[in-house]
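All remarks here apply to the structure that follows.
The values are calculated or read from the model by the stated rules, or taken from the named source; none is laboratory data. Not measured: the values here are computed from a predicted model. These area figures cover heavy atoms from the full protein model, side chains too; ligands, DNA and RNA do not enter into them. Shrake-Rupley method; radii C 1.70, N 1.55, O 1.52, S 1.80 Å.
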Amino acid sequence: MNGTRHEEFREYVAERGTVLLRAATQLTSDRTEAEDLLQSALTKTYLAWDRIEDPAAVDGYVRRAMVNTQISWWRRRKLDVYPTDRLPDRPVDDDHTGRSEMRDALGRALRRLPERQRLAVMLRYYEDMSEREIAEALGVSVGTVKSTVSRGMSKLRTLMEEPS
């Protein structure tokens, strides 16, 4: 890989790393494992960087590499689990029900936001776009993006405090 392509890859990782880590965390539900997964996928992407001609396809390539790697890891781990007649006495470390309920409540609250606020909040916090990028995508000023996101987050806080 020549120096220019190497620099392009470095810039891509610097720009999209946070969003990709969030996607990896969704796949693994563990920050440390997500970092390992992302690193593995980025390594595969780096090796294929010269073959990826469309810059818009890079995110999809990395995400597909993460999914394939996660499936491969899952299959390998699956072989390490052996059935037994005795269950170990271990407390449950994580409250999956609580997280699931919170995710559902957040989804319902997001759906109750006006479309423009919902879109601005989703682009800002789920897609990790900058205010300038959102303004360009929506065809509005940066100030409008700031106020829309602020009002949307305020409304979300209010909606999340309401009893279900």
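Couple of notes before you dig in:
- Solvent-accessible surface (1.4 angstrom probe) belonging to residue 15, in square angstrom, nearest 10: 120
- Computed log₁₀ I(q)/I(0) - Debye formula, equal Cα scatterers, no solvent, the chain, q 0.12, 0.14 Å⁻¹: -0.77, -0.95
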